[in-house]
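Undergrad: What follows is a single structure, and I will ask about it in a moment.
The values are calculated or read from the model by the stated rules, or taken from the named source; none is laboratory data. Quick caveat, the model's predicted, so the values are computed rather than measured. Backbone-built Cβ (ideal geometry, glycine too); neighbour counts: all protein chains shown.
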């Protein structure tokens with residue numbers, strides 16, 4: 001009888017402990033965002049779009065909300081992060097660019113907060129600091145195939161932001177795709193040295209057109225320039241064929257959904273189950289095959305493109321998605337011919 005009472009008491013204790021853990025599981029998540037530019041730039045706009053969708057899906061039953069701070073760098077960025085951390089309201093601080101110096105100064109001071117940095121130019125910190133990459137070289141390769149087939153001058157251009165790994169991989173992928181079908185392609189490359197500057201984007205795009213480019217890959221937002229010049233171009237991150245149908249043939253798309261869910265899962269496991277943070281110290285990105293990037297539809301160009309070209313793009317896309325066609329990540333500095 002005493003043994004029965006002991007076992008019964010132990011079972012009650014385990015049930016109570018289990019109930020206590022469930023009762024203490026978090027039901028709210030507040031995220032502080034530090035954006036490199038703001039929602040006018042596609043890099044930031046796509047994150048906000050996907051974060052809204054993830055919040056609506058309510059992973060783990062969480063009520064998710066966020067606050068964003070835009071355009072802070074250096075000491076200002078560190079102060080902005082610390083301001084978010086000091087309030088005690090934010091469990092995740094997502095710094096959407098090269099902010100590892102600032103996170104390094106704060107992560108030990110705020111060990112319960114999960115910090116995120118994004119892309120190249122960051123240091124792998126581990127612990128409660130996570131490192132997200134975004135690679136879109138695969139759909140960029142497909143855009144290059146389109147460009148290589150469609151160019152009449154054999155001169156194609158790219159206007160990028162900064163020469164950095166996150167930009168170089170796409171530019172190199174684009175030209176690799178173009179030259180895979182047209183070895184005579186001549187490259188024109190320009191960097192505006194800004195994450196968002198429409199005036200410079202227009203200036204450099206016009207320079208490439210003047211140099212003979214009849215197709216451009218716009219990693220920056222300057223599609224009116226293409227329309228004025230009467231040339232075709234390609235969009236980046238966002239499906240610009242919807243907003244600039246006269247010039248944009250297709251776009252290389254990105255999704256942050258899987259990255260966001262991974263980070264939220266990591267935080268939830270820490271908050272609900274006491275699992276220590278184990279921030280990654282190696283590059284982590286989601287390939288096209290798993291939904292990290294994609295090629296848009298052709299929109300207004302659907303009926304303008306040759307059927308055999310659309311079939312070629314569909315076949316290449318399927319081979320990439322199946323893993324049959326593996327495209328290397330080329331981070332070398334691209335240059336004009």
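Undergrad: For residue 321, are the conditions met, namely being within 25 Å of the chain's Cα centre (by Cα), part of a helix (DSSP H, G or I) and modelled with pLDDT under 95? Don't jump to the end; show me each part of the working.
TA: Working: within 25 Å of the chain's Cα centre (by Cα): yes; part of a helix (DSSP H, G or I): yes; modelled with pLDDT under 95: yes.
Yes, satisfied.
Undergrad: When you scan region 1-103 for helices (runs of 4 or more DSSP H) that lie fully inside it, which ones turn up with 2 or more residues that are at pLDDT 95 or above and closer than 30 Å to residue 222 by Cβ? Give the steps one after another, and end with the answer.
TA: Details: elements: 2-24, 42-57, 74-86.
Output list reads 42-57, 74-86.
Undergrad: While we're looking at this one, here's another question. Assuming residue 236 fulfils every condition listed in (1) outside any strand (DSSP E or B); (2) touching a strand residue (DSSP E or B) at 6+ places or on another chain (Cβ under 9 Å); (3) closer than 18 Å to residue 41 by Cβ apart from one, which condition is it?
TA: For residue 236, the exception is condition (1).
Undergrad: Give 305, 309, 295 a once-over and let me know the one that is touching a residue at least 24 places away in the same chain (Cβ under 8 Å), in contact with a helix residue (DSSP H, G or I) (Cβ under 9 Å, 6 or more places away or on another chain), surrounded by fewer than 16 Cβ atoms within 10 Å (Cβ to Cβ) and farther than 29 Å from residue 28 by Cα.
TA: Working: 305 fails: surrounded by fewer than 16 Cβ atoms within 10 Å (Cβ to Cβ); 295 fails: surrounded by fewer than 16 Cβ atoms within 10 Å (Cβ to Cβ).
Result of the check over 305, 309, 295: 309.
Undergrad: With 309, 305, 316 as the choices, which residue is under 28 Å from residue 163 (Cβ atoms), in the same structural domain as residue 157 (by TED's automatic domain parsing) and more than 21 Å from the chain's Cα centre (by Cα)?
TA: Working: 309 fails: under 28 Å from residue 163 (Cβ atoms); 305 fails: under 28 Å from residue 163 (Cβ atoms).
After ruling out the rest, the residue left standing is 316.
Undergrad: Further question: Would you be able to say whether some residue in region 268-276 is surrounded by fewer than 14 Cβ atoms within 10 Å (Cβ to Cβ), assigned to a helix (DSSP H, G or I) and modelled with pLDDT of 95 or more?
TA: To start, the set of residues in region 268-276 that are surrounded by fewer than 14 Cβ atoms within 10 Å (Cβ to Cβ) comprises 273-276.
When the remaining residues are screened for being assigned to a helix (DSSP H, G or I), the result is 273.
From what is left, the residues that are modelled with pLDDT of 95 or more are 273.
So far as region 268-276 goes, yes, one or more of its residues are surrounded by fewer than 14 Cβ atoms within 10 Å (Cβ to Cβ), assigned to a helix (DSSP H, G or I) and modelled with pLDDT of 95 or more.
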